[in-house]
Every structure is written in C-alpha cells, then in structure tokens.
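The values are calculated or read from the model by the stated rules, or taken from the named source; none is laboratory data. What you see is a predicted model, and the numbers here were worked out from it, not measured in a lab. Virtual Cβ from ideal backbone geometry, glycine too; neighbours counted across all protein chains shown. Heavy atoms of the whole protein, side chains included, go into the accessibility calculation; ligands, DNA and RNA do not. Shrake-Rupley method; radii C 1.70, N 1.55, O 1.52, S 1.80 Å.
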Amino acid sequence: MFKSSARGAAVAAVVLAAACVSCGASPKSDTPAAGAGATASRHAAASPTPDGSGADGAAAAPAVAPAVAPSEPATPGVEKVRDAFAGLQATLFDSCTPGNCSYFLGRVYDELHGMDQAMKADPKGPGHFPEPIALIRKLDAQLGGDRSFGNLKSHQSLLIGTRDKINTWMQGHPEDYR
C-alpha cells in the first residue's frame, strides 16, 4: 500500500512541475530572485530528471552561472573590445569625400574613443592593450580636446594613421579581442 501511494505522490509532483513549467509559471521561492540564473535553477529543481529525481530536490541542483560572463566589459554600458574593433574596421574602406568628410572624420574619432573605452574596461585590463591606448593618448594630445570638424580635418592624416596603426596592431593580436 505504501509503495503505491508514494508512487502516486511522485507522479503527481512530476505532473504539477511539468504544468508549472509549460504554463510559464515559476514555483514560489522564499528568497528573492537573483536574476535569470536563479529562475533557471528553480525550474531545473522542479523538473524531473531522467533518473526520476529532481522534483523532490534529491538531485544536486545545477550550478548557477555567474551574473557577468568573463568576456564582458568590467564597466556596464561599454562595448566589448571585439565589437568596438568591428566598428573601427567598418571605417577602413570609407574616406573623406565632399559632403561626407565631416561625418567620416567624426566617426573615425568616435570609433577610436570607443576602442579606448572598451580596452580600458576589458577584464584583461588596459595593460593588455598598451600600444593602441598610447596611440589614442598621442592623438588626443595633438587634438587638444577639440573635436570640431576643422581640427579633425587639419589632423586628418594623424587621425587616419592612428586608426590604421591600431588596426594593424589588433590584427597581429587576435587573441586579445576574440
């Protein structure tokens, strides 16, 4: 008699857990949610496993993933180095043409500074990108904080040269941004 009622309770628990998961409802928890990882582990604990455990908590709960992946920038809102580098590379086949020069030079400037921020915020640290950061620092010293079109135009060869040198450096260090 005891075996059949225990088996019936296990089946009922599995059915209820499956219903909660399929309906999108999550089981109540006494602790506040710690993000998507906590929700996923609550669902995993409520769902049956192939060996039949899980619904009663007998199986070990899966490890919760860290809130920030190791490849994420340390500073929120700053893009990854690989994404910033892709933006910089997108300027390689563009040029300063009449009607487009102001936009082009401004974009190269912005992409270089996006790279600078991404490299400084990278989990590997800014010391991992010494040459590109130094090149941008040198560019900024020459520009004197003036981002106007006239100043960018007068320093166009330095701006484009900085972009090209950083592109060459990054191409030689693919492990630093992938």
Exercise. How much of the accessible area of the stretch 72-178, in percent, comes from carbon and sulfur atoms when a 1.4 Å probe is used?
Worked result: 53
Exercise. Can you give the extra length, in nm with one decimal, that the chain gains between Ser148 and Asp164 once fully stretched, where that is 0.36 nm per residue apart less the Cα-Cα distance?
Worked result: 3.6 nm
Problem set entry | Accessible surface of Glu79 - all protein chains present, 1.4 Å probe, nearest 10 Å² | 80
Seminar exercise, completed: Using the Kirkwood radius over Cα pairs of the stretch 99-169, the Stokes-Einstein translational diffusion coefficient at 25 °C and 0.890 mPa s, in µm²/s and rounded to a whole number, is 198
For this session: Would you mind counting up the charge near Phe149? Only other residues with Cβ under 14 Å from its Cβ, with Lys and Arg at +1 and Asp and Glu at -1.
Result: +1
